Every structure is written in C-alpha cells, then in structure tokens.
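**Student:** So that we are looking at the same thing, I have put the structure below in structure tokens.
The values are calculated or read from the model by the stated rules, or taken from the named source; none is laboratory data. These numbers come from a predicted model, not from an experiment. We place every Cβ from the backbone using ideal geometry, glycine too, and count neighbours over all the protein chains shown. Quick note on the areas: whole protein, heavy atoms, side chains included, nothing else; ligands and nucleic acids left out. Shrake-Rupley method; radii C 1.70, N 1.55, O 1.52, S 1.80 Å.
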Amino acid sequence: MIGALIACPFFLYPQFLMKLLCFALFACAFNLLIGYVGLLSFGHAAYFGMGSYIAAHAVKVWGLTPELSILLGGAVGAVLGLVFGWIAIRRAGIYFAMITLALAQMVYFFCLQAPFTHGEDGIQSVPRGMLFGVIDLRADMTLYWFVAALFLAGFLLVQRVIRSPFGQLLTAIRENEARATSLGYRVDDYKLVAFVLSAGIAGVAGGAKAITVGIATLTDVHWSMSGEVVLMTLLGGLGTLFGPVVGAGIVVSMQTYLAPFGAWVTIIQGVIFVLCVLAFRAGIVGELGRLLRVKL
Amino acid sequence: MSAPQIVLGLVNGAFYALLSLGLAVIFGMLNVINFAHGAQFMMGAFVAWMLLNWAGIPYWGALVLSPLIVGAFGVVLERAMISRLYKLDHLYGLLLTFGLALIIEGLFRNGFGSSGLPYAPPEALSGMPVDLGFMMLPKYRLWVVVAAFVVCIATWLVIEKTRLGAYLRAATENAPLVQAFGVNVPRMVTLTYAAGVALAALAGVLAAPIYSVNPGMGSNFIITVFAVVVIGGMGSILGSVITGFGLGLVEGVTKVVYPEASATVIFVIMAIVLLARPAGLFGRA
C-alpha cells in the first residue's frame, strides 16, 4: 500500500490522485460504520461537506495553516456527528438511514443560506497555504505527500480501531445486537462513539478535499454525495479494509474520465448499484477475498 | 397572517400525504423503503406530458393512464429485481431502489434535458380563481387538495375496511399463514408495489401543471417526504396522511412567519419529534 502511494504519482496526475485519496479516506470512514457496525448512514455528505466548508473558510478567511484547518474541519464533523448520531441511534435499520439522510438535508439548507458558505458559489480559490507555517504546498508533489500521509494516517487509524477490542465489540453488535446488550454492554454508547469517529474522519477528508481541489461547494453537502460514498463502499466491498479505497478509485476515475458523457455517469452509477445489490453483494475486494480465501 | 401562503402550504401537504402514503403502502407489504418513489413520481408527470404531446391524450386521460403505465413498470421492477431481496437485510432494498432512482433520473435527463417542460392545467380547472372569502385560490390548486384528500381516504378505506385490505394486513403480520389459506401472497406483494408506485405517479400527474415537469422534480421532494414519514411513523396509513397535510401547513405558516427557515422546518420538527417519540407520532415502537 505504501509502495503504491509512493509509486503512483510518477504514473498518474497528482491532482487526480489527491482527489482520489480524499474520497478514499471518506469511504473508509463511512465503511467503519456500515461495514463494522452495520449502520447505514445515508447522510455522510453532511460531515464531509461541513469539514470541507470549515477548512476552506479557516484557510482563506482566518489564515490558519492547512493542517490546523483540516483538523478543525474534522472536529466540526465530529461534533455534528455527535449531535446527529445521538438523535439517529434511537432508531435502527431503515429508519436510521432515513433519519441521517433527513438530518443531512438540514445541513444542506444551512449551507445554502449561511453567509460564510457563499451560497451557490461556494468558497472558491482556497489557498493551499504553508504546512506548519514553513512548507509551501503550492507545488503539486509537495501537497501530494501531505495528502498521502494524511490518508495513510486515517486509514491506519480506522484499521487500528477495527482490530482493537472496541472494534471487536462493534462487530459483535453488528452480528447480534441483542446478545451484545445481554452481555451488559451499553450498545448505544459504542455505536455513538463509532459514529462520531466516522463523522470526524469524514470531516478531515472533506477538509483535505477543500485544500487540494481549492473549492468547497454545495456539491460536497448535497445528498447525492452521501449516495456516492455508499456506492464507493458497496462497490469495493462492505466491511473490507481495502474495499472502500478500491471503490473510491473506480468511482472517482469514472467521474473524471467519463465526465464528457454527462448524465450517463449517473446512469452507470445506478447500474453498478443495482448490479452490486443483485449480483455481487460482497463487492470487488470482498469477492476477490472469497476467491483467494483471504481476508482483505 | 397571509392566508394564501398557508393554503399553498396545504397544496404541498397534499403531495407529501400522497407520496408518504405510497411509501407506507409499499413498506407495509415489502418492508422496503422505495427510494425510487421520487423518480416514479417524476415518471408520472413525464408520462402525462408524453401522453399529451405525443398521443394527444389530455389531462383527464393521463390521470388514469399514467398511474397504470407507471404501475405496470412497477410490476416489472418488483418481479425482476426487488423480489430477489426479501430474504436479505432491508438495507439492500433501499440501496437497490436508490440505484434504480439514479438510472431513471439519468435516462430522463438524457432524453429531455434538465430544464422543465410546461404542462398546462386542463381547461375546466384553469379559468377564474375560486373566492374562498379570505383569499383567491387558483382552481387547479383547490382541485389538487381535494383530489389528494379523496385518494388518501379511499386508500385508507380499502386497507382498513375491505376484504382485500384484511388480506393485506394479515399478510404483513404473517405471510406464510395467509399463503396457507390459499391467498397468492407473492402476487399480492407485486400488486401492492404496483399500487404504491401508481400512487406516486398519480401525484406526479397532479403535480405536472403546478411544478414544471423536469427530471429532478422527484428527488428533492422525496427527501422531505422521508422526513414526513419519520415524523409520522411508518405503519399507520392515517398517520402518514395527517402528517403529510399537517407538515405542509406548518411549512406554509413558516414561509409567512420566518421565510428563511421554511426549507428546514420539517427537518427540525423531525429532530424534536424523534427526541420525544423515537417511533414517530403515529408509529408503533
């Protein structure tokens, strides 16, 4: 993985790769919830988008350094996740999905109207700034190493969480919630912690995206973004470590290279959704893992 | 207070009620949240437009034909795809219908572009606005509210008071038992899905003269309807009707009192209701 991170920028555009890594991190955060706790959050765009707006605003208007801005984006995402998660966790299954979606729509309307987001225009030409106040990020390659390191840190964090006793408990909740409750665990608290963690990482991913692409817009908070991250994770494989990364890679490449085909991108995404649900529910990495009999 | 805005809120409420009713009917039998509901609502409006412009069939014909056509499409969807998912986690139904919504919307966007197409209200309902005493209401909007109300009550009567409705409710409780009595449950499920989809299409035809007919008209509506459904609590037919109309009114009032919040007020109410009653106002826990 680290090898791929080092080798890729010599073959592909760093700008494209950075965008990919931001979305991969977003998908990993989302996967932590759906893949390991079994919670389908259909409103993750809220945390991603808010992280993106906050980081863009912090860099551009407050003049904070990029790393602090991205962390701030993550913090705001986590706080938002704490409030929304606390409300949504009262219901399970489909209701949980619908509630998260509706709450995220509230954030969308907030962003549409709040003055600092500049409505339809979004926050444009966000400067990349000086990392730690010393390293100039204007060169694509410098920024790439920063984003790659950020992605790796997030990815390892998610992996660490999943492998920890806490992660084992999350999986236990996914498998049989009633049993986990009867063992004396306060299931809702564990779910909420996972939700906050996921929302926080999504916020960081959004912040990193704002800095690399240089723009934070309503697209980031729109509910179709929530759908996209579901697609990435489902396509790559729910509950696999590398699935979200692969899924994000495919979806972002598709959007980049199929952009001239306009509405066909949506149709193809829809077809992939349908095929994933009907034919290969484990996703690409999941099916591959089954084929090779290894846990990926 | 400005009465017109409030009455216009009732028009929106009529659509919320019709759409959440269709969702509730489908959810009751299939246990699937039909994410494609918004797309099917949009299809209803487009089919009405096509019937008029391509076949010369006017509004009143479309009001009957469009739900039948889109409902038939629903039969195909249910048989070909959705019926394969009943044994799985409910979430897959949500994801599948979400994918279907993307496909349908994308196809219409390719065929018709993103800008809206005009659809004139029928002659009998255009003309002079009706004087309600405190305001002048365009005839067509009055018709929408009345028609939606009648359809909602009729659906409720079918489900609560007829033999067919009794079978339906029994099958939601215990499908194998009802099947053992000789009722063809899979066919009933298919037809229920088609009926729910037809309700969405009917709402689409009703909406066509009010909103411009465009591919995105359903997707934005449907998320608000989800919030309506969460507030009302799934399961109760009457609940979704009352909540639909009620929240339309609340939205209308907010538009008068504090316009900036009118887009979010339903979601705020949802959060408050969930804190007090997680199962929704009319839902069973």
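**Student:** If you take the residues in region A:1-48 that are part of a loop (DSSP other than H, G, I, E, B) and among the small types (Gly, Ala, Ser), which one is most open to solvent (accessible area, probe 1.4 Å)?
**Tutor:** Out of the qualifying residues, it is A:GLY38.
**Student:** Still on this model: Looking at region B:113-135, can you tell me whether even one residue there is open to solvent by less than 10 Å² (accessible area, probe 1.4 Å), touching a residue at least 60 places away in the same chain (Cβ under 8 Å) and aliphatic (A, V, I, L, M)?
**Tutor:** no
**Student:** To continue, here is another question. Being farther than 30 Å from B:SER20 by Cβ, basic (Lys, Arg), away from every other protein chain (no Cβ under 14 Å) and touching a Lys or Arg at 6+ places or on another chain (Cβ under 7 Å) narrows it down to one residue among A:ARG160, A:ARG128; which is it?
**Tutor:** A:ARG128
**Student:** Restricting the search to region B:158-168, which residues are in contact with a helix residue (DSSP H, G or I) (Cβ under 7 Å, 6 or more places away or on another chain) and either among the polar types (S, T, N, Q) or without any contact (Cβ under 8 Å) to a residue 24 or more places away in the chain (or both)?
**Tutor:** B:VAL158, B:LEU164, B:GLY165, B:TYR167
**Student:** Go through region A:80-109 and give me each residue that's within 19 Å of A:GLY206 (Cα to Cα) and facing chain B (nearest Cβ under 7 Å).
**Tutor:** Of everything in region A:80-109, those that are within 19 Å of A:GLY206 (Cα to Cα) and facing chain B (nearest Cβ under 7 Å) turn out to be A:LEU101, A:LEU103, A:GLN105, A:MET106, A:PHE109.
**Student:** Taking only pairs six or more apart or across chains, which ones have beta-carbon atoms under 7 Å, a first residue in region A:259-279 that is farther than 18 Å from B:ARG109 by Cβ and within 7 Å of chain B (Cβ to nearest Cβ), and a second residue that is open to solvent by 40 Å² or more (accessible area, probe 1.4 Å) and outside any helix (DSSP H, G or I)?
**Tutor:** Within 7 Å, the pairs are A:LEU278/B:MET81.
**Student:** Sticking with this structure for a sec: Could you pull out the residue among A:LEU101, A:LEU112 that is open to solvent by 30 Å² or more (accessible area, probe 1.4 Å) and of a type in the set (A, V, I, L, M)?
**Tutor:** So the residue among A:LEU101, A:LEU112 that is open to solvent by 30 Å² or more (accessible area, probe 1.4 Å) and of a type in the set (A, V, I, L, M) is A:LEU112.
**Student:** Sticking with this one: Given the criterion more than 14 Å from chain B (Cβ to nearest Cβ) and in contact (Cβ under 8 Å) with a residue 12 or more places away in the chain, identify the matching residue among A:ASP140, A:ASP136.
**Tutor:** From the options A:ASP140, A:ASP136, the qualifying one is A:ASP140.
**Student:** Considering region B:82-97 alone, what residues qualify as being within 21 Å of the chain's Cα centre (by Cα) and at the interface with chain A (Cβ under 9 Å from one of its Cβ atoms)?
**Tutor:** Matches in region B:82-97: B:HIS90, B:LEU91, B:GLY93, B:LEU94, B:LEU95, B:LEU96.
**Student:** A:SER69 passes all but one of (1) within 12 Å of chain B (Cβ to nearest Cβ); (2) open to solvent by less than 10 Å² (accessible area, probe 1.4 Å); (3) part of a helix (DSSP H, G or I); (4) of a type in the set (Ser, Thr, Tyr); which number fails?
**Tutor:** Against the list (1) within 12 Å of chain B (Cβ to nearest Cβ); (2) open to solvent by less than 10 Å² (accessible area, probe 1.4 Å); (3) part of a helix (DSSP H, G or I); (4) of a type in the set (Ser, Thr, Tyr), A:SER69 comes up short only on (1).
**Student:** May I pose another question? Which of (1) touching a residue at least 12 places away in the same chain (Cβ under 8 Å); (2) among the small types (Gly, Ala, Ser); (3) at positive phi does B:ALA171 not meet, given it meets every other one?
**Tutor:** (3)
**Student:** Also, quick follow-up: Filter region B:222-257 down to residues that are polar (S, T, N, Q) and in a helix (DSSP H, G or I) and give me whichever is surrounded by the most Cβ atoms within 10 Å (Cβ to Cβ).
**Tutor:** Looking at the filtered set, the residue picked out is B:SER240.
**Student:** Any residue at all in region B:68-78 that is in contact with a Gly (Cβ under 9 Å, 6 or more places away or on another chain), at pLDDT 85 or above and surrounded by fewer than 16 Cβ atoms within 10 Å (Cβ to Cβ)?
**Tutor:** Within region B:68-78, none of the residues are in contact with a Gly (Cβ under 9 Å, 6 or more places away or on another chain), at pLDDT 85 or above and surrounded by fewer than 16 Cβ atoms within 10 Å (Cβ to Cβ).
**Student:** Sticking with this structure for a sec: Consider region B:258-274. How many of its residues are closer than 12 Å to B:VAL230 by Cα, at the interface with another protein chain (Cβ under 7 Å from one of its Cβ atoms) and open to solvent by 70 Å² or more (accessible area, probe 1.4 Å)?
**Tutor:** Qualifying residue count, region B:258-274: 0.
**Student:** Being among the polar types (S, T, N, Q), without any contact (Cβ under 8 Å) to a residue 40 or more places away in the chain and more than 14 Å from chain A (Cβ to nearest Cβ) is the requirement here; does B:THR155 meet it?
**Tutor:** Against the criterion (among the polar types (S, T, N, Q), without any contact (Cβ under 8 Å) to a residue 40 or more places away in the chain and more than 14 Å from chain A (Cβ to nearest Cβ)), B:THR155 does not qualify.
**Student:** Here is a list: A:PHE96, A:PHE84. Which entry is open to solvent by less than 30 Å² (accessible area, probe 1.4 Å) and either modelled with pLDDT under 90 or closer than 24 Å to A:GLN159 by Cβ (or both)?
**Tutor:** Going through A:PHE96, A:PHE84 in turn, the sole match is A:PHE96.
**Student:** Going through A:ILE94, A:ILE89 one at a time, which residue ends up being closer than 28 Å to A:ARG186 by Cβ, in contact with a Lys or Arg (Cβ under 9 Å, 6 or more places away or on another chain) and aliphatic (A, V, I, L, M)?
**Tutor:** Going through A:ILE94, A:ILE89 in turn, the sole match is A:ILE89.
**Student:** Would you tally the residues in region A:172-209 being in contact with an Asp or Glu (Cβ under 8 Å, 6 or more places away or on another chain) and among the aliphatic types (A, V, I, L, M)?
**Tutor:** Count: 1.
To keep it simple, each residue is scored yes or no on (1) open to solvent by less than 10 Å² (accessible area, probe 1.4 Å); (2) of a type in the set (A, V, I, L, M); (3) away from every other protein chain (no Cβ under 14 Å).
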{"residue": "A:GLY207", "(1), (2), (3)": "yes, no, yes"}
{"residue": "A:VAL213", "(1), (2), (3)": "no, yes, yes"}
{"residue": "A:LEU218", "(1), (2), (3)": "no, yes, no"}
{"residue": "A:MET232", "(1), (2), (3)": "yes, yes, no"}
{"residue": "A:LEU241", "(1), (2), (3)": "no, yes, yes"}
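**Student:** Is it fair to say B:ALA62 is at pLDDT 90 or above and open to solvent by 10 Å² or more (accessible area, probe 1.4 Å)?
**Tutor:** no
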